[in-house]
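Here the structure is laid out as structure tokens; the discussion comes afterwards.
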Amino acid sequence: MQFQQLHYFVAVAETRHFTRAAERVHVAQPSLSQQIRALERELGADLFVRARGNIALTDAGEALLPLARRILADADTARQEVQELVQLRRGRVRLGATPSLCTGLLPDVLRAFHDRYPGIQLLIEEGGSRDLVRELARGALDLALIVLPLPAPAPALTTVELLHEDLVVVSSPEEPAPGQGRRTVEIADLADERLVMFRHGYDLRELTVAACRSAGFEPEFAVEGGEMDAVLGFVRAGLGVAVVPRMVATRAGRGLRVTPLARPGLQRTIALAHRSDVAPPRGARELQRMLLER
């Protein structure tokens, strides 16, 4: 008895038509009929009553049908389980993240993931949340770390909040401290500072500029257009101050003064997103679990 024969048998039993069953399983109708007859010979019983325009199950066919369905389902489950185990030994995970998260959040998590699954290739794409959502939608990424809220609704995505992170002000220790040296600074204090500003499309740029405008002033830029590493370098050089995530400031090391923002301050919400209509591969689901449990 072969899985293929059981597959053909179930197709005929469900369609009650040999030609339609052959179309369903993508095989020529004579080949399907031949395999059904071979199955009947092996079992020693007719499975169908064949009459012109009418195909019905015999008692033997009725007895075999639930068993055949179960066998095929079990075989499919076994195939999926093995494939998922294989996916954790080799394969790839395509992860998108904003540059600040690549600097602050991901290094430790990706190191732990690589240690556990060294055969899985990690492909990282940096970009703003809007660009990452676009890449998810077209199937170029398995997962993405994005900043909420999104600039436009994305009903085709499933998002899970990962963390809420405070933003802080970084400056050069060689320059006067922002906010006249107080332990915390107000957003309004940035009106007296020149900002080192990220490029257009950067989530932190939009958040900082919106906060300044809500405080009643238009921010003045000393330098603009950089990525995270460039912005931190310009701040160390004393060109101005910048608003960055606390995780990034903590990992940045020496050469930066870190000043918290006074309450309520500024926060951003980080979420993990994937397409709602496509289940991420096993490796991506495992990385998702590690990110959520960090």
Filtered residue count, the range 72-104, keeping only those that are hydrophobic (A, V, I, L, M, F, W, C) and over 15 Å from Leu143 (Cα atoms): 8
Take residues that are in contact with a helix residue (DSSP H, G or I) (Cβ under 8 Å, 6 or more places away or on another chain) and tell me which of the helices (runs of 4 or more DSSP H) falling wholly in the range 47-157 contain 2 or more. 59-87, 99-104, 106-116
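It is to be established whether one or more residues within the range 248-265 are closer than 20 Å to Glu206 by Cβ, among the small types (Gly, Ala, Ser) and within 19 Å of the chain's Cα centre (by Cα). Outline the logic, then answer.
At the first step, the residues of the range 248-265 found to be closer than 20 Å to Glu206 by Cβ are 248-249, 261, 264-265.
From what is left, the residues that are among the small types (Gly, Ala, Ser) are 249, 265.
Applying the additional criterion that residues be within 19 Å of the chain's Cα centre (by Cα) yields none.
Within the range 248-265, not a single residue is closer than 20 Å to Glu206 by Cβ, among the small types (Gly, Ala, Ser) and within 19 Å of the chain's Cα centre (by Cα).
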Filter the range 94-124 for residues that are open to solvent by 10 Å² or more (accessible area, probe 1.4 Å) and among the small types (Gly, Ala, Ser); the one that is modelled with the highest pLDDT is Ala112
For residues in the range 1-36 being more than 23 Å from Ala73 (Cα to Cα), out of contact with any Phe, Trp or Tyr (no Cβ under 7 Å at 6 or more places or on another chain) and of a type outside the set (Gly, Ala, Ser), which is surrounded by the fewest Cβ atoms within 10 Å (Cβ to Cβ)? Pro30
Identity of the residue in the range 197-252, of a type in the set (D, E, K, R) and touching a Leu at 6+ places or on another chain (Cβ under 9 Å), that ends up farthest from Asp108 (Cα to Cα): Glu220
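The values are calculated or read from the model by the stated rules, or taken from the named source; none is laboratory data. Here the structure is a predicted model, which is why all the values come from computation and not from measurement. FYI the Cβ positions are ideal-geometry reconstructions off the backbone, even for glycines, and counts take in every protein chain you see. With ligands, DNA and RNA removed, areas are computed over all heavy atoms of the protein, side chains included. Shrake-Rupley method; radii C 1.70, N 1.55, O 1.52, S 1.80 Å.
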